[in-house]
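The values are calculated or read from the model by the stated rules, or taken from the named source; none is laboratory data. Since the model is a prediction, treat every value here as computed from it, not as a measurement. Reconstructed Cβ throughout: ideal geometry from the backbone, glycine too, with neighbour counts over all protein chains shown. Ligands, DNA and RNA are excluded from the accessible area calculation, which covers all protein heavy atoms including side chains. Shrake-Rupley method; radii C 1.70, N 1.55, O 1.52, S 1.80 Å.
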Amino acid sequence: MYSVELFPPKTSEGMAKLKHEIERINAVGPQYFSVTYGAGGSTRERTFETVDWLRGQGIDTAPHLACIGSTRDEVREILERYRDQGIRRLVALRGDMPSGMGGGHGGDFRYANELVSFVRSEFGDAFFIEVAAYPEYHPQSGSPARDLENFKRKVEAGADGAITQYFYNADAYFGFVESCREAGIDLPIIPGIMPITNYTQLARFSDACGAEIPRWVRRRLESYGDDVDSIRAFGHEVVLKLCRHLIEGGAPGIHFYTMNQSKPVLRLWEELGLPTSH
Ligand code: FAD
């Protein structure tokens with residue numbers, strides 16, 4: 001299962017550019033395109049616009065749905081919309097409230113397992129539900145054991161598959177999968193892979209979401225300063241090796257965080273010889 005993730009652009013120029021990038025990525029035939037959703041409904045209309053366009057092109061689409069700060073009625077309305085559009089996949093998340101939008105009070109959901117239960121109870125098997133997994137553990141989890149228990153709640157609530165937070169240490173992924181199997185969690189866990197193209201942005205994201213950039217990678221990236229070509233060349237080699245290691249180690253696919261850029265993903269796709277779904 002090889003898939004890609006997009007985020008909904010903020011402007012019409014961004015949307016025009018994204019359509020072009022989607023066409024290029026679609027040429028290699030990813031299984032589906034997922035589209036992120038801002039918690040509290042902060043990107044609701046923009047997510048719809050991106051999803052509508054993808055569906056209009058006949059492309060398999062998996063909208064993300066972050067439940068924190070939303071009511072059951074709001075979530076039901078969104079799910080009905082997607083079901084009626086022929087969407088059969090969903091990435092079900094808690095999300096993080098954007099700063100300035102409150103702490104998620106006023107919503108009917110506290111954690112992603114509650115969203116998964118809600119989707120299953122109201123929509124049965126209408127959607128293949130994927131949830132988030134954290135090989136380096138979620139930054140708010142009390143302990144790895146507690147995080148694993150919480151992950152298991154989502155699986156028991158009815159998740160069909162999981163996509164991981166990005167990481168650059170393959171052992172973290174293999175160790176996490178092993179812990180899951182020991183805990184009786186046997187759904188497919190797809191590694192989420194973030195190409196390295198911009199060190200400043202990557203360092204900021206990684207601090208926020210608790211994903212570790214290994215020291216040797218950080219030091220090398222830092223040493224290139226503003227030399228974008230060297231950052232990209234080194235970043236490509238690191239991620240290419242990581243993907244090879246994961247595939248050889250039995251990972252059931254890869255989900256690429258594209259950051260709406262086709263080039264880095266297309267290069268990886270080609271050099272890894274990934275299959276097309278067309
Ligand atoms: P949960 O599974 O609810 O876990 C959140 C935390 O609470 C964890 O520490 C967990 O251990 C703990 N926990 C879980 N359940 C319980 C429980 N029942 N009792 C006590 N503690 C519990 N964010 C967005 O806003 N929009 C997106 O589109 C988006 N897409 C993502 C896609 C992927 C593949 C990934 C990996 C992340 C994505 N995120 C997105 C980020 C995600 O929303 C954040 O990481 C968020 O902090 C946690 O969401 P979750 O669904 O993993 O939450």
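Figures for the structure shown
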{"item": "Computed label-point distance, nm, for sites Thr71 and Asp160 using a 7 Å Cα→Cβ extension", "result": "3.0 nm"}
{"item": "Extension gain, Thr276 back to Phe123 (0.36 nm per residue minus Cα-Cα distance, nm)", "result": "52.1 nm"}
{"item": "Separation of alpha-carbon centers, the range 53-101 and the range 210-226, rounded to whole Å", "result": "34 Å"}
{"item": "Cut-off 10 Å between beta-carbons: net charge of the residues surrounding Ala112, Lys and Arg +1, Asp and Glu -1", "result": "+3"}
{"item": "Peptides 184-196, 211-223 ordered by average Cβ neighbours within 10 Å, highest first", "result": "184-196, 211-223"}
{"item": "Simple spin-label estimate for Arg88 and Leu240 in nanometres, 7 Å along Cα-Cβ", "result": "3.5 nm"}
{"item": "Segments 136-149, 66-79 sorted - mean Cβ within 10 Å per residue, highest first", "result": "66-79, 136-149"}
{"item": "Accessible area of the chain belonging to carbon and sulfur atoms, whole % at 1.4 Å probe", "result": "46 percent"}
{"item": "Length-normalised contact order for the range 2-272 - Cα pairs under 8 Å, 6+ apart - percent", "result": "19 percent"}
{"item": "Inter-site label distance for Lys152 and Arg44 at 7 Å from Cα along Cβ, in nm", "result": "3.6 nm"}
{"item": "Under 19 Å from the Arg215 label point (7 Å along Cα→beta-carbon), backbone N, the range 155-176", "result": "168-172"}
{"item": "For the range 16-148: relative contact order, % (alpha-carbon pairs under 8 angstrom, 6 or more apart)", "result": "23 percent"}
{"item": "Contour excess over end-to-end distance, with Cα ends at Ala145 and His20 and 0.36 nm allotted per residue", "result": "40.7 nm"}
{"item": "By average C-beta atoms within 10 angstrom, highest first, the peptides 84-91, 32-39, 228-235", "result": "32-39, 84-91, 228-235"}
